[in-house]
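This report refers to the structure that appears directly beneath it.
The values are calculated or read from the model by the stated rules, or taken from the named source; none is laboratory data. Please read all numbers here as calculations on a predicted model, not as lab measurements. Quick reminder, even Gly has a Cβ in these numbers, built from the backbone with ideal geometry, and neighbours come from all protein chains shown. Ligands, DNA and RNA are stripped out before the accessible areas are found, and what is left, the full protein with its side chains, is counted by its heavy atoms. Shrake-Rupley method; radii C 1.70, N 1.55, O 1.52, S 1.80 Å.
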Amino acid sequence: MSSTTPSDQPDQPEVVSAAKAPFRYGAVLSKAIESRWQSWWSEQDVFRTPNPGDDDFDATKPRFFCMGMFPYPSGAGLHIGHLTNYIPNDIVARYYRMKGRNVLHPMGWDAFGLPAEQYAIETGVHPEETTRNAINTFRSQLKRFGLSCDWSREFATIDPDYYKWTQWIWLQAYRSWYDHHEDRARPVRELVELLERGDYSVTDDLEIIEAPAREGQRSWDDLDHVEQRTAIEHRRLAYLSEQTVNWCPKLGTVLANEEVIDGRSERGGHPVHRRPLRQWMYRITSFADRLLKDLGLLDWPESTKRQQTEWIGRSEGAEIHFRLEEPFEDSLVVYTTRPDTLFGATFMVVAPEHPLVDRLMKNPPEGVDIHAIEAYVSTSKDRSDLDRRSDSGVKTGVFSGIHALHPLNGEELQIWISDYVLMEYGHGAIMSVPGHDDRDHAFALEFGLPIIEVVRPSPETETECYHGEGINVNSSSDLLSLDGMHTAEAKAGVIAWLEEHGIGRGKVNFRLRDWLFSRQRYWGEPFPVVFDEQGHHHGIEDGSLPVELPPLADYEPVESSEPSPLLSKAVQWLETTAGEAGVPSDELDSAAPVRREVNTMPGWAGSCWYYIRYCDPHNTDRFVSSEAESYWLGPQEDGPGGVDLYIGGAEHAVLHLLYARFWHKLLFDLGLVSSSEPFSKLFHQGILTSFAYQRPDTTLVPVDEVEEVGEEQWIEKATGEAVQRVTAKMSKSLKNVVNPDDVVAEYGADTCRLYEMYLGPLEASKPWNPRDIVGVHRFLQRTWRLAVNEDTGELQLADEVDEAVEQALHRTILKVGEDIERLAFNTAIAALIEFTNTATGHGGVTKDQLDRLSRILSPFAPHVAEELWHKLGHETTIGHATWPTHDVELLREQMIEMPVQIKGRIRSKIMVAADADEDTLRTTALSDERIVDLLGDAEILKVIVVPGRIINIIPG
RNA sequence: GCGGGCGUGGCGGAACUGGUAGACGCGCUGGAUUUAGGAUCCAGUGGGGCAACCCGUAGAGGUUCGAAUCCUCUCGCCCGCACCA
C-alpha cells in the first residue's frame, strides 16, 4: 500500500469565531478532516478486499463477511434510517479487519421494482434515468459517512451483467424438479433419465410417480411429445400455472401472497382482487420442510424465525375421504388437524370454488336448488378477501342439496357451501365439528345444524365449544370406539383405522403456497423464455443471456380489470425467431417464429442472490467462481455458512428473507453454492422515530404546519389549535424525516455516526432528538483536545504514564471490543466517553496511549481517528492497524469496595483485597465499625458471602 | 381473537448467568473563565428528610438471605398472525 499521505495540516479554517482556537474540533475542522481522508481512502483504494487467487490475498486469515440489506435508491435520497443499517456494519467490518480477518464489506443497489417505476411515471422521466440518478446520489451520500466498503464490488440489480445471472438462476429452477425421495432439487434431465429407464412412470393424468409403471400403464416412450412435455411441466420448479392470483388493478400487476396484507397491497394499500390467471410460479412449497427445519441452524432473531415458522405453517393431521351419496361414486376429501373429533363431524363444508360445486351446477341432481347455489357462488366470487373475512363472526352459506356419508357411523352429513372455507388450503373442504371449532360452531348455530360434544377437558366437565385436548366422549360406533381415550391416542387410533380401511391417512400440511413470480410491469428482469406457435415455452440458452429489457418510451400502465403486461407494447422486441432468441436448436428450428414472455420478474428477484455476487462481482463466465464462493460463503465450524452478519429491517421477515433462503437452497441442491443457508447471523436494526405533532383527535400534523408558542407548547398554524408533540415513524407526509446531510453539515460525519449508534440499543426503535447530538460532538471535541493543542494543531501529550489512565485504557479496550462483538455500540461509546473523561481528569494521555485510543475509536469515528493516527506518525491507514490488546493482570484491582448488607439492606461498605477468601470477607465485614454498631449483641444466624459481590448478614 | 415482546429519573438509555438500580449522554442547578457565546472547565442532579434513615424499576401478590431481573394476576404500549379446518 502506498504511503503517500496528504499534507499534515487541515485547510486553514476560514471562520472568524474560530480564530481563537483554530484547531478546535468543530464543524469546520471535522469537515476538513473528513474530506481529506475520504479522498485519500478512495485514491489509495485502501478498502479493496482481495479475493482468493489475487496476489495480495492472505488465505491464512479467517473471513468475515458482513453486509446490510442493500438500499433501494429512491428519488428522495438517503435518510437517517438507512444509516442505522450501514453504520453498524461498518463498525463491525472495521473492527474485524483490525482483529486480523479478511473482511468482505460490499455495497450495491436494489434498483428494479415498482416504486422506481411509479416514480418515473410521476415525473415523466424514464426509470433507467431516475434510478441511475438516485444511485449516484445515494453513493455520494453514503461515501460522506466514510464507510469502509470495497466500492470496486459495487453493482446494481439493473445492470445487464448482473441480471444476466438472475435470469440464469431462474433457468436453473426452470430446468429442475424436486426429488422427494432424496429431498433435494435435481436437474430435469435426470428426471427424464429416470423416466426413460422406467424407474419412474406417468399416470393417465400425466402426473409423474416415483415408481415403475404398473401393468397396463403406458411407458414413457409411448407418450407423445406433448404428453411428455406436460408431464415434465408438472414437476418443474419454475412453472406456468393457471392460478387464482392477487390482482391489484391500481398497481397494474399481480402480487405474491406475501405482498398482500389484509386484502390490500403491501405497497400503497390498494385493494386486491382474486382472479384466475396463467402465471410463472416457483415451487417453493417443495422446500417447505427444509425451510422450516433449517431455521434451527440460524443465529436469527427469534421473532423472525417465528414469523417464518408461522408463514410456512406446518400442521399435522389427517386426510379423510367421505363417500358421497348416490348417484355420486367418488368421495369428498377433507383435511383436519383433529381426526380425534371425527365422531363430532355433523356436516361438511366446501369452498365456493370447490370442483364439486362446479359439477353440481353443470349437472344438478334432482331436488337441488341450483339457483340458490349459483347466487351464492357468484356473490362470493365478487367479494374480495377483505369482504369475506367476517369480523363479526357471522357466517354465510348455502346447502348444496347433497350429502356425504360418515365413515364411522354411516350418518348422512349435509354438504354446505361457504366461503369461510378456503379453496387454497388443504382440499378446500372440511368436516365440520361444531362442538369443538368456533367457526363450525358459529355456522351450525346460524343454520341450525346439529352439535355433538366429543371431547372434554376431563370426563365430568361439559363445555360449550372446547378446542383443547382432553378425553373423548360420545365417540363410539360398531366400527371404532374412542371413548375414554386422550386426544393424542384418539388421533392415532383414527388415523390407524383410516389407513387400514384405505379411506384416509395421516398427513402433514403447510400453509405456504407456491410463489407467484410474474408481474405485468415494465421495470423488472425479463424472463429468459419464449413461446412457440403452439404456445409451448422454451428456455433461452445460457449463451444468449441476458435477455435485455427493451427500451420503452411509454411505460404508463393502463388501469384495467384485465391484466395486460407492459412489455407487450414492445412489439419489435417480442416477436422474434428461435435462433435470434437463443432457443436450443434441438428444440426448435432457428427460423421458427417465437414470442418473448412479456411478464417481468418481481422486485424481489435481484435481492435473492446479490450477496453471492458480491463475492465475485465481475465474473463474466459464472455467476460466482467456486473459489470465491466457498471462501466467503462456505460452511464454518460454528454454523451453516453464508453471510456472517446480515443487518436489515424486520419488515423483510417473510419476504426477502424467505425468498433468498429458497433460492439459496435450490442453488445448494444443484451444487452451485457450498452452504445450505444464505445468512448465518441476522440482525434487525430498530426504526428511528422523530418528533411529530398530534391533534386532540390523534391525527398527525406535518412538522412545517406547526409553530412553537412556548415551552413545550405547539399550535397548528392553520387553526391555532394546540397540538401535542409525540414521536412517530419518519415519513414523507409528516415531513419529519431527518436528512443526514444537514447533520453532517452542522457536526460532521463522525459525530453523526457516533450519535446514531449512541441513541440506544441497535434493535430498539428510538427517537431522534437533535438536541442530544451535541453530547457526542463534545466527546469528540474533548478527545481531540486531550491530544491536540487547539491553537497550534500540534500533538500535546503526557510524558509519564498515569497508572489510573493506563488501567482505564485497558478496561476500555476490553469493553469496547466485547461490546462491538455483541453489537452493543451504545455502551461501547459510553465506555469511550468514560475513558476520555478519566484521562482528561488525570493529565492526559501519552503518545502510546493515544495510539491505542485512536485505534479503538476508529470503528466509530474513523476520520478523526485516522487524523490522530497520522499525527502520531503512521503512514498507512488506521483501518489496517491491529486492535490493541488488554492486559488481564492490569485489570485486576488490588483492593475493591464491597457492600455489606444486613437482612438484604446495604448498611456499610468495606475495602478488601480483591482475592480475599470467604472467611476473611466474613471477618472483615463483621468487624466493620458501622456493622458492629448496628448489630449490637444480636445473634448472627447466617452470613452470605459472594466474593467480589456482596456480604449479607442475617441476625436473629 | 391468537401468538410474541416491552413498561427503569424531566428525556434517550445502563445494569454480565438474581448480588452496590440509574453507567454514559441530554436537560437542569450552582460556580469558574471569557468582550461575548448555543464555547470551555469544575461541582451537583431519582423522590422525601437537618440527619440517621425511609421510599423507589407500570400496579398487586409470591419465591429468595437478596428481585428491574424468576413466578402469578392486572393495566398500558408495541409487533406479528388473523376464517389455514
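Identify, by number, the condition in (1) closer than 16 Å to A:F343 by Cβ; (2) surrounded by 14 or more Cβ atoms within 10 Å (Cβ to Cβ) that A:F399 doesn't meet.
Only one criterion in (1) closer than 16 Å to A:F343 by Cβ; (2) surrounded by 14 or more Cβ atoms within 10 Å (Cβ to Cβ) is unmet by A:F399, namely (1).
What is the one condition in (1) under 30 Å from A:Q118 (Cα atoms); (2) touching a Leu at 6+ places or on another chain (Cβ under 8 Å); (3) open to solvent by 30 Å² or more (accessible area, probe 1.4 Å); (4) not polar (S, T, N, Q) that A:L240 does not satisfy?
Every condition holds for A:L240 apart from (2).
Just one of the numbered conditions (1) crowded, with 16+ Cβ neighbours inside 10 Å; (2) under 29 Å from A:I169 (Cβ atoms) is not true of A:P249; which one?
(2)
In this structure, is A:V571 touching a residue at least 60 places away in the same chain (Cβ under 8 Å) and among the β-branched types (V, I, T)?
No.
For segment A:301-343, how many residues are among the aromatic types (F, W, Y), within 11 Å of RNA strand B (Cβ to nearest atom) and touching a Leu at 6+ places or on another chain (Cβ under 9 Å)?
Of the residues in segment A:301-343, 1 are among the aromatic types (F, W, Y), within 11 Å of RNA strand B (Cβ to nearest atom) and touching a Leu at 6+ places or on another chain (Cβ under 9 Å).
Please go through segment A:631-651 and pick out each residue that is within 17 Å of A:D294 (Cβ to Cβ) and either open to solvent by 60 Å² or more (accessible area, probe 1.4 Å) or more than 16 Å from the chain's Cα centre (by Cα) (or both).
Selection gives A:L633, A:G634, A:P635, A:Q636, A:D638, A:G639, A:P640, A:G641.
Return the residues of segment A:934-956 that are part of a helix (DSSP H, G or I) and within 9 Å of RNA strand B (Cβ to nearest atom); say none if nothing qualifies.
If the condition is that a residue be part of a helix (DSSP H, G or I) and within 9 Å of RNA strand B (Cβ to nearest atom), then A:L934 is the only one that fits.
Any idea how many residues of segment A:186-204 are under 39 Å from the mean Cα position of the chain (by Cα) and part of a loop (DSSP other than H, G, I, E, B)?
Summing the residues that are under 39 Å from the mean Cα position of the chain (by Cα) and part of a loop (DSSP other than H, G, I, E, B) in segment A:186-204 gives 1.
Quick one: which residue in A:K665, A:K717 is among the basic types (K, R), within 24 Å of the chain's Cα centre (by Cα) and at pLDDT 80 or above?
Unique residue meeting the criteria: A:K665.
As an exercise: evaluate A:Q308 against (1) part of a loop (DSSP other than H, G, I, E, B); (2) within 23 Å of the chain's Cα centre (by Cα); (3) at negative phi and give the number of the one condition it does not meet.
It is condition (1) that A:Q308 fails.
Just for segment A:324-344: of the residues that are open to solvent by 20 Å² or more (accessible area, probe 1.4 Å) and over 45 Å from the mean Cα position of the chain (by Cα), which one is nearest to A:P407 (Cα to Cα)?
Selected residue: A:E325.
Restricting attention to segment A:716-733, does a residue exist that is in contact (Cβ under 8 Å) with a residue 40 or more places away in the chain and closer than 20 Å to A:S140 by Cα?
no
Checking A:D514 against (1) acidic (D, E); (2) without any contact (Cβ under 8 Å) to a residue 24 or more places away in the chain; (3) within 16 Å of RNA strand B (Cβ to nearest atom): exactly one of these is not met. Which one?
That leaves (2) as the condition not met.
Quick check on segment A:674-694. Is at least one of its residues within 16 Å of RNA strand B (Cβ to nearest atom) and of a type in the set (V, I, T)?
Yes: one or more hits.
Checking A:V743 against (1) out of contact with any His (no Cβ under 8 Å at 6 or more places or on another chain); (2) near RNA strand B (Cβ under 10 Å from one of its atoms); (3) not polar (S, T, N, Q), only one condition comes out false. Which one?
If we test A:V743 against (1) out of contact with any His (no Cβ under 8 Å at 6 or more places or on another chain); (2) near RNA strand B (Cβ under 10 Å from one of its atoms); (3) not polar (S, T, N, Q), just (2) comes out false.
When residues of segment A:497-541 are filtered for being open to solvent by 30 Å² or more (accessible area, probe 1.4 Å), closer than 14 Å to A:E587 by Cβ and among the charged types (D, E, K, R), how many remain?
Number satisfying all stated conditions: 2.
Answer yes if at least one residue in segment A:756-764 is within 28 Å of A:V706 (Cα to Cα), touching a residue at least 40 places away in the same chain (Cβ under 8 Å) and assigned to a helix (DSSP H, G or I), and no otherwise.
Yes, segment A:756-764 contains at least one residue that is within 28 Å of A:V706 (Cα to Cα), touching a residue at least 40 places away in the same chain (Cβ under 8 Å) and assigned to a helix (DSSP H, G or I).
Provide a single number: the residues in segment A:622-641 that are assigned to a loop (DSSP other than H, G, I, E, B), within 20 Å of A:L682 (Cα to Cα) and touching a residue at least 40 places away in the same chain (Cβ under 8 Å).
3
Need a quick list: helices (runs of 4 or more DSSP H) entirely within segment A:323-432 having at least 1 residues that are under 30 Å from A:I261 (Cβ atoms) and either in contact with a Phe, Trp or Tyr (Cβ under 8 Å, 6 or more places away or on another chain) or modelled with pLDDT under 90 (or both).
Those helices (runs of 4 or more DSSP H) span A:370-382, A:385-388.
Okay, residues lined up against (1) within 15 Å of RNA strand B (Cβ to nearest atom); (2) not small (G, A, S):
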{"site": "A:T751", "(1), (2)": "yes, yes"}
{"site": "A:S765", "(1), (2)": "yes, no"}
{"site": "A:G775", "(1), (2)": "yes, no"}
{"site": "A:T792", "(1), (2)": "no, yes"}
{"site": "A:E821", "(1), (2)": "yes, yes"}
{"site": "A:A828", "(1), (2)": "yes, no"}
{"site": "A:R852", "(1), (2)": "no, yes"}
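Out of (1) under 25 Å from A:S315 (Cα atoms); (2) in contact with a Phe, Trp or Tyr (Cβ under 8 Å, 6 or more places away or on another chain); (3) part of a loop (DSSP other than H, G, I, E, B), what's the single condition that is false for A:C465?
Result: A:C465 fails condition (2) only.
Considering (1) over 30 Å from A:P862 (Cβ atoms); (2) open to solvent by less than 70 Å² (accessible area, probe 1.4 Å); (3) of a type in the set (A, V, I, L, M, F, W, C), say which one A:A718 fails and leave the rest.
(2)
Going by what's in this entry, would A:W604 be described as open to solvent by 20 Å² or more (accessible area, probe 1.4 Å), hydrophobic (A, V, I, L, M, F, W, C) and touching a Leu at 6+ places or on another chain (Cβ under 7 Å)?
yes
Considering every residue within segment A:620-630, establish whether at least one is open to solvent by less than 10 Å² (accessible area, probe 1.4 Å) and β-branched (V, I, T).
Within segment A:620-630, one or more residues are open to solvent by less than 10 Å² (accessible area, probe 1.4 Å) and β-branched (V, I, T).
Starting from residues that are within 16 Å of RNA strand B (Cβ to nearest atom) and touching a Ser or Thr at 6+ places or on another chain (Cβ under 6 Å), keep the ones in segment A:652-673 and report whichever is farthest from A:E310 (Cα to Cα).
A:H656
Take the residues of segment A:683-714 that are of a type in the set (S, T, Y) and outside any loop (DSSP other than H, G, I, E, B): which is modelled with the lowest pLDDT?
A:Y693
Looking only at segment A:897-924, which residues are open to solvent by 40 Å² or more (accessible area, probe 1.4 Å), within 7 Å of RNA strand B (Cβ to nearest atom) and either assigned to a strand (DSSP E or B) or closer than 23 Å to A:Q807 by Cα (or both)?
Passing the criteria: A:E897, A:R905, A:I906, A:R907, A:K909.
If A:T577 meets every condition in (1) in contact with a helix residue (DSSP H, G or I) (Cβ under 9 Å, 6 or more places away or on another chain); (2) modelled with pLDDT of 95 or more; (3) open to solvent by 30 Å² or more (accessible area, probe 1.4 Å) apart from one, which number is that one?
Evaluating A:T577 over (1) in contact with a helix residue (DSSP H, G or I) (Cβ under 9 Å, 6 or more places away or on another chain); (2) modelled with pLDDT of 95 or more; (3) open to solvent by 30 Å² or more (accessible area, probe 1.4 Å) leaves (1) as the failure.
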